[in-house]
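Notes to accompany the following structure.
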Amino acid sequence: MFARAVGRAVEELGPGPVRALARGIDRGADDTALRAASARPGFAEIVTGLRAAQRAEAVEDRLAAAYLSGVADGHERSAAGERVETVCSGPTRHAVPVRSTAAVLLGLIDGARHDLLLTTYSARPYAPVQDALRRAGARDVRIRVVVETLQGAGSALTDVQPAAAFRGIPGLQLWHWPVEHRPDGSARMHAKIVVGDAAVLLVSSTNLTRSGIEQNIESGILVHGGSTPRRAVEHIDGMIADGVLEPLRTEDR
């Protein structure tokens, strides 16, 4: 039970927050302080379950902290080689273990230390993503987002520019594919990827909207390590260098 709870913690949160939890347990912090150790969505719930499992098996704090640290270190080492996972939104089945889009997306953003690249067709304000991007900006992470525009989408997108979902996030750079650079009027900026530090790549059918992240049936893959995440960044960088993609000017930029 405890080992399973630790495994869930490192898969859902990543090694950094798990190490922070281990340090708190080792210092003797109470459950209230431990649940408040990270602003990551779902962190408090995972801590509650883990602590309940720890008490059920009578695992001492010192041993629990050491086990958490060891699992976090092992998870980080295994990520050094290429590893691929399935990611899904919508209904879940416990018999088929796949990671949720929300957990993966927020974990990827929160785990970035230097660079974040996101591309999306549609976008709507979604507080967990906006908050995670603000935290990334506060860490001086370079954040670039490539979005579709109402003009580029024709009648397929209406009402509000997708870029508005990123309004008010300091330092975030917006890019787009100008219609004059497209082969014809039917071409769309339809890519949906997120890359952290050119080392972790999420490729998904999910747009950056609440319905896409939480409600729709969407699927994708998460690639850790190897050359694939770096190649994705290089492809976007190449289109920027060639002038295919251009900075997107909005009212607040």
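The values are calculated or read from the model by the stated rules, or taken from the named source; none is laboratory data. Only a predicted model underlies this, so the values are computations on that prediction, with no experimental measurement involved. Cβ sites come from the backbone with ideal geometry, for glycine too, and all protein chains shown count toward neighbours. Ligands, DNA and RNA are stripped out before the accessible areas are found, and what is left, the full protein with its side chains, is counted by its heavy atoms. Shrake-Rupley method; radii C 1.70, N 1.55, O 1.52, S 1.80 Å.
I'd like to know if region 26-38 contains one or more residues that are within 18 Å of G111 (Cα to Cα) and in contact with a strand residue (DSSP E or B) (Cβ under 7 Å, 6 or more places away or on another chain). No: zero hits.
Being assigned to a helix (DSSP H, G or I) and over 26 Å from C88 (Cα atoms) is the filter here; which residues of region 148-193 pass it? Those that are assigned to a helix (DSSP H, G or I) and over 26 Å from C88 (Cα atoms): L150, Q151, G152, V179, E180, H181. Give me a count of the residues in region 193-232 that are more than 17 Å from G107 (Cα to Cα) and within 13 Å of the chain's Cα centre (by Cα). Total satisfying the criteria: 0. Cβ separations smaller than 8 Å between residues 6+ apart or across chains give the following pairs from region 231-250 residues that are surrounded by 11 or more Cβ atoms within 10 Å (Cβ to Cβ) to residues that are outside any loop (DSSP other than H, G, I, E, B) and of a type in the set (D, E, K, R): V233/D115; I236/R144. Within region 211-230, being surrounded by 13 or more Cβ atoms within 10 Å (Cβ to Cβ) and part of a helix (DSSP H, G or I) holds for S211, G212, I213, E214, T228, P229, R230. Would you check if V203 is open to solvent by 10 Å² or more (accessible area, probe 1.4 Å) and assigned to a strand (DSSP E or B)? Yes, satisfied.
Restricting to region 100-146, name every residue that is under 14 Å from T206 (Cα atoms) and either among the charged types (D, E, K, R) or in contact with a His (Cβ under 6 Å, 6 or more places away or on another chain) (or both).
Looking only at region 100-146, we keep the residues that are under 14 Å from T206 (Cα atoms), and these are 100-106, 118-124, 126, 129.
Matches in region 100-146: Y121, R124.
Among the residues of region 85-105, is any polar (S, T, N, Q), open to solvent by 70 Å² or more (accessible area, probe 1.4 Å) and out of contact with any helix residue (DSSP H, G or I) (no Cβ under 7 Å at 6 or more places or on another chain)? Looking for residues that are polar (S, T, N, Q), open to solvent by 70 Å² or more (accessible area, probe 1.4 Å) and out of contact with any helix residue (DSSP H, G or I) (no Cβ under 7 Å at 6 or more places or on another chain), one finds at least one in region 85-105, hence yes. Contact map, region 161-177: first residue closer than 12 Å to R124 by Cβ, second residue part of a loop (DSSP other than H, G, I, E, B) and of a type in the set (F, W, Y), Cβ cut-off under 9 Å, separation 6 or more or different chains; pairs are P162/Y121; A165/Y126.
Scanning region 107-142 for residues that are assigned to a helix (DSSP H, G or I) and buried (at least 19 other Cβ atoms within 10 Å of the Cβ) yields G107, L108, I109, D110, G111, V129, A132, L133, A136. Quick check on T158: is it more than 12 Å from Y121 (Cα to Cα), touching a Leu at 6+ places or on another chain (Cβ under 8 Å) and free of Cβ contacts under 8 Å to residues at least 12 places away in the same chain? Criteria met by T158.
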